Each structure stands twice: as C-alpha cells, then as structure tokens.
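First the structure, in the form of structure tokens, and then the observations on it.
Every read-out reported here was derived from the displayed coordinates using simple, explicitly stated rules and does not represent laboratory data. Predicted, not measured: the structure shown is a model, and the values here were computed from it. Here Cβ is always computed from backbone atoms with ideal geometry, including for glycine, and neighbour counts include all displayed protein chains.
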Amino acid sequence: MPGFFFSHNNMAELNGKEDCKLAEGRIHKKKQKAFGADLKNYLKCMVPHIESGIKTSNSRNVMLSAEEVIQWSQSLEKLLASQSGQGVFREFLKSEFSEENIEFWLACEDYKKTKSDHLHGKAERIYEEFVQSDAIKQINIDYQMREATAKKAQDPTHTSFDEAQKTVYILMERDSYPRFLKSKAYLNLLNQLQTSTSK
C-alpha cells in the first residue's frame, strides 16, 4: 500500500512539472509575441504614414524614402545627418542599453552651437550627465580622457568635448553601427519602404 501511495505522489509531481513546462512555454511565446508587437509598433511609429511623410521636430513634413534609408548604410555620418536616422538609431541603441552614446554625441553637437555666455552651464550639465565617473549616462572613455575632459569642462570652450565626442563616435562606428545595419529594425524599415514604393 505505501508503494502505491508513493507512485501516486510521483504521478502528481510529474503532472505538476509538465504543467509548469506548458505554462513556461506559454509565457515564452507571449514574450516573443510581445517583442514582435513592440517591434511592429516601433516601425509603425517610424513609418506612420509613408504617403503623408514623417513629421520631424521642426514640424516640416519630410518624406522618409527608401533612398534615404539606404544612404544610412553608407556611413554613420550619413545616418546621423538625418533626423529620422538619428531617431531609428537611438531606438536601436536603447534596445542595446547604450543610448548614452548617441545622446552624448547629440549633446556635443548642440554644445558647439551654444553662445559663449551659455557655455559654462551646458558644459557642467554634459560633464555631470555623461563624463564624471558616477554619471547616470556615463560614456565609455578611459580614465585619462575622463580627467582631461573634466579639466576642459571647468574652463569651457566650444571644443571642450571634441576628443571625448570623437572617441564615442568611433565606438559607435565600429561597434553599434554595423550591428544596426544587420538589425531587424533597420532591415524591416527598409523592406517596408521599398515595398511601398514598388506598389
């Protein structure tokens, strides 16, 4: 009798394990579907109405074309020269948890256009946000460059962040940019635009 009881427990345990596996499978499928839906929604945001064009931050209607998206693959410079390109690349970097790179690069571009009497405040903000060793969005630069940039930020000029910006640019160019060009986000966007223009 005890042996019978024991095997009954084993059966219940087995059924429990199979139920768990089934539930895990469902959760895994849900996660995959959720990721697919996120990507779909993201692409819809990037190409909301291809016919009517995309509104950029300066509120002009800009038509995002397959030609422009193909140009992004020619160089990181061409990608970053495009407002839409910056947005798509930024989303990609977010998915890789490295969006601080493009945010720092854009902050430096903005900093270069700053009037001299506002340099001090902006330099301090950029330093605190991206450069200092405990910065929330710390960029990946070595100790020497961090120290040199800190000194330049204390007595700011329009070129205070040039070296650090160049380093971050090279890092994106060699590391994130090639992965971006192979990413589903980029390839799906390109495919979607090419399909719509061939209709």
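Structure above, values below:
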quantity: Efficiency of FRET between D134 and K182 - r from beta-carbon atoms, R0 30 angstrom, step 0.05; calculated: 0.35
quantity: Approximate spin-label separation K78-I170, in nm, with each point projected 7 Å along Cα-to-Cβ; calculated: 2.4 nm
quantity: Stretch gain in nm, segment H118-K94, where the contour uses 0.36 nm per residue and the Cα spacing is subtracted; calculated: 5.7 nm
quantity: Inter-part distance where region 62-131 and region 137-172 are each reduced to a Cα centre, Å; calculated: 15 Å
quantity: Restraint check, K122/K152; K113/K166; K94/K122; K94/K182; K78/K152, Cα-Cα greater than 21 Å; calculated: K94/K122; K78/K152
quantity: Highest average packing first - 106-116, 130-140, Cβ atoms within 10 Å; calculated: 130-140, 106-116
